[in-house]
Amino acid sequence: MTQRYITLFLWAFSLSLIPYDAFPAEDEPFRESVIIFNTICAKCHEAECSGRLSFDDAYEASASHIIRHYGKASEKKWLQKELFSILNHMKENCAYYPMQVPVPPKRIWNSEILEKMTILMERNYFIPIGPITPGRYDLELILAKDEKVTVHLVSESFEFVVEDCYQSSDQRLVIPFSIEETENYYVRVYPRKPVQITRLVISTIKKSE
């Protein structure tokens, strides 16, 4: 065997030892840009769907709009383009850009999962919590330290179920809420000062409670 074939063989063998999930999926969305859009931009654009005020074919015009409302994108052309694509998706589909994040068993999100749904600098969170049927529930957040946070619980049709500011106690916050329509729902969290969410739980409130 020549040196070249030996090298190729060793390279192929080393690849076979890497777990499959170590490679990013081709259809994995640009998650950071989606979270930035859905926590910073979506609040103003959730009602502007079906092409209304769309920036189609006007990327240059939209770039100044993006920079004005999210200055941290000013030196990041890739981020401007991704936010532009996500904006058009929302306007054309009247929907949030999909995130390939499965709902965990028993609706308990641990810190490892939640770290994929936050902007590390601001610690804003956007968490798809999947479909919820009519009933009464608790939304529980465990924080790394006590902090005042604004929490949104919003449906896929952009209807707010929870929209208020709360102060945690003993690093814990429990928000009761009621669902009337079966839809996919999303949690957004805006801490007054950056703080990590280490656990999120959605639990059913029993009728006797």
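Summary of computed values
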quantity: Residues of region 190-204 satisfying the condition of being outside any strand (DSSP E or B) and surrounded by 12 or more Cβ atoms within 10 Å (Cβ to Cβ); calculated: Pro194, Val195, Gln196
quantity: In region 116-140, the residues that are farther than 18 Å from Phe160 by Cα and touching a residue at least 40 places away in the same chain (Cβ under 8 Å); calculated: Lys116, Met117, Thr118, Ile119, Met121, Glu122, Arg123
quantity: Strands (runs of 3 or more DSSP E) enclosed by region 110-189 - at least 3 residues per element that are loosely packed, with under 13 Cβ neighbours inside 10 Å and either touching a Lys or Arg at 6+ places or on another chain (Cβ under 9 Å) or among the basic types (Lys, Arg) (or both); calculated: 172-179
quantity: Scan of region 84-106 for residues that are assigned to a loop (DSSP other than H, G, I, E, B) and within 19 Å of Met117 (Cα to Cα), ordered by number; calculated: Ala95, Tyr96, Tyr97, Pro98, Met99, Gln100, Val101, Pro102, Val103, Pro104
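Every read-out reported here was derived from the displayed coordinates using simple, explicitly stated rules and does not represent laboratory data. Just so it is clear, the structure is predicted and the values come from calculations on it, not from any experiment. Methodologically, a virtual Cβ is constructed for each residue, glycine included, from the backbone with ideal geometry; neighbour enumeration extends over all protein chains shown.
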